[in-house]
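Readers should treat all values here as calculations from the given coordinates under stated rules, not as data from a laboratory. All of these numbers come straight from a predicted model, not from anything done at the bench. Glycine gets a Cβ as well: all are built from the backbone with ideal geometry, and neighbour counts include every protein chain shown.
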Amino acid sequence: MPNLYEQLRADIVTAVKARDAAASTALRTADAAIQRASMDLSKPIDDALVIGALRKGVKNLADAKVEFEKGGRADLVAANEAEIRILEKYLPKGIDGAQLDALIAEAIKESGAQSRKEMGKVIGALKKRPEAALIDFAVASRLVQAKLP
């Protein structure tokens, strides 16, 4: 079974052959971001690097989409939504609420955090977990804040 990056590269070829301009542009941009991240970090391309680069790309597109909505640019909003849908196909499904609550409770216990001032310890403990690639840390931060006095 091909790894995530090999699948993305194969899909670029498929999109180009199908003359799907939107998909080929989105996938080529993602490929360039992955290669740039690999060079910047001096790491070989693996699934973790691909997921990290794609998450960053999706986040940037979502942020841009919000700005385009404020500016009343429906055409650019639609283009960003389409690009986000293309990239999300390569991202694993995130951890659901109950499972995330359990991980946060475990991380609080593990780190010994007593107040919101020690929230960094809890987030650090979450980032060391094997499930870290599946965690949306914006949601996790809000949950940690709610759990700590």
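Would you mind computing, in nm to one decimal, how far apart the modelled labels at ALA105 and ARG36 are, each placed 7 Å from Cα along Cα→Cβ?
4.2
Suppose every Lys and Arg Cβ carries +1 and every Asp and Glu Cβ carries -1, with no other charges. What dipole size does region 97-147 come out with about its Cα centre, to the nearest 20 debye?
That gives region 97-147 a dipole magnitude of about 220 debye.
So how tilted is helix 47-70 from the main axis of the chain? Cα-based, degrees 0 to 90, rounded to 10.
Taking the Cα atoms of the chain, the angle to 47-70 is about 80 degrees.
Sort 37-48, 119-130 for me by packing, meaning the mean count of neighbouring Cβ atoms within 10 Å per residue, highest on top.
Result, highest mean first: 119-130, 37-48.
If I fit a long axis through the Cα atoms of helix 97-111 and take the longest principal axis of the Cα atoms of the chain, what angle between them do I get, 0 to 90°, rounded to 10?
50
Just want the ordering: VAL144, VAL13, VAL77, from fewest to most Cβ atoms lying within 10 Å of their own Cβ.
VAL13, VAL77, VAL144
Calculated FRET efficiency, ARG73 and ALA18, Cβ-Cβ r, R0 30 Å, to nearest 0.05?
0.65
In whole percent, what relative contact order does the chain give with Cα contacts below 8 Å and a gap of six or more residues?
Averaging sequence separation for qualifying contacts and normalising by length gives 19 percent for the chain.
Over all directions, the average projected area of the alpha-carbon convex hull for the chain comes to how many nm²?
For the chain, the mean projected area of the Cα convex hull comes to 11.2 nm².
Which entries of LYS56/LYS117; LYS56/LYS147; LYS59/LYS147; LYS43/LYS147; LYS17/LYS93; LYS43/LYS93 have Cα-Cα distances beyond 32 Å here?
Pairs exceeding 32 Å: LYS43/LYS147.
How would you classify region 4-88 from its alpha-carbon gyration tensor, with a ≥ b ≥ c the square roots of the eigenvalues: rounded for a/c under 1.5, else prolate if a/b is greater than b/c, otherwise oblate?
oblate
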